[in-house]
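The values are calculated or read from the model by the stated rules, or taken from the named source; none is laboratory data. Quick caveat, the model's predicted, so the values are computed rather than measured. FYI the Cβ positions are ideal-geometry reconstructions off the backbone, even for glycines, and counts take in every protein chain you see. Note: areas computed on protein heavy atoms with side chains; ligands, DNA, RNA excluded. Shrake-Rupley method; radii C 1.70, N 1.55, O 1.52, S 1.80 Å.
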Amino acid sequence: MKNEVKQKDLFELLVAPVINDPLVQSKPVYYSHLIIQKDKLEQFRDIRSLQHKSFAYNGKDSFSGWGAMQKYLYEQKNEWSSLPDAVDVHTVMDSFFSSLVLSGSHRNSLQLVSNGTVDCCIVDIMVYNGLRSSNSPQDQELLSQVAVIPSVVLGPSPIQPFVISMSLSAEYREKIRQLMLHAGNNKQGREMLSLLTASHFVRVDERDYESIFKWFSFLKNMP
């Protein structure tokens, strides 16, 4: 999710997908998986074991690939006795990890972990599940070389919504919403849901995104 909040009068929240995964408990949320090399599962069992290790991220404007870990470490910073007293939300990632490597995409982050270039990354559960369901031999080979650390739960976070321009009529906006809410009733809709690894769409409003708005506001107001 991009770390931007657009002006409310330009768009309206339309619907959001519900991922076809028991972890989300049929809610419009997602998690980020903490990923390591599969053959290092004994070495890296929890987040503490990854302190002073290297971390790949797809971009600092990505909550699922950067912000979720930044938020987790900042909220748990008192647990890390070796962190400097002056660490803040903007420096916690640099203080915890030995190096931060920009990958450009979730897949690239996974690739860097799989080949041992970096020790870990976090990946959007939608991306991870999409690779799991892929028929591509390359995708399956990539996933065979990495593993999820189950003891670290990064989420739930409000899932990326679909939005619609407020320049369209209220009647038309609602028509589009209804089509998406009933997407599972037709072939094209089911194909869309499959691409999103989602079971269905649900209505959402600003209350569903309050936690992420608060976090971005906090980041913006921090010196």
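Checked against (1) farther than 30 Å from Trp215 by Cα; (2) buried (at least 18 other Cβ atoms within 10 Å of the Cβ), Lys175 passes all but a single condition, namely (2).
Rundown of residues vs (1) open to solvent by less than 10 Å² (accessible area, probe 1.4 Å); (2) in a strand (DSSP E or B); (3) modelled with pLDDT under 90; (4) not acidic (Asp, Glu), yes/no style:
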| position | (1), (2), (3), (4) |
| --- | --- |
| Glu12 | no, yes, no, no |
| Val15 | yes, yes, no, yes |
| Gln43 | no, no, no, yes |
| Ser49 | no, no, no, yes |
| Ser64 | yes, no, no, yes |
| Lys71 | no, no, no, yes |
| Asn78 | no, no, yes, yes |
| Ser82 | no, no, yes, yes |
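Looking only at the stretch 116-131, decide whether some residue is touching a helix residue (DSSP H, G or I) at 6+ places or on another chain (Cβ under 6 Å) and among the hydroxyl-bearing types (Ser, Thr, Tyr). No, that holds for no residue.
The single condition among (1) closer than 27 Å to Glu141 by Cβ; (2) in contact with a Ser or Thr (Cβ under 9 Å, 6 or more places away or on another chain) that Lys77 does not meet is (1). Test Leu102 against the stated conditions and say whether it is touching a Phe, Trp or Tyr at 6+ places or on another chain (Cβ under 9 Å), in contact (Cβ under 8 Å) with a residue 12 or more places away in the chain, closer than 26 Å to Gln138 by Cβ and open to solvent by 70 Å² or more (accessible area, probe 1.4 Å). Criteria met by Leu102.
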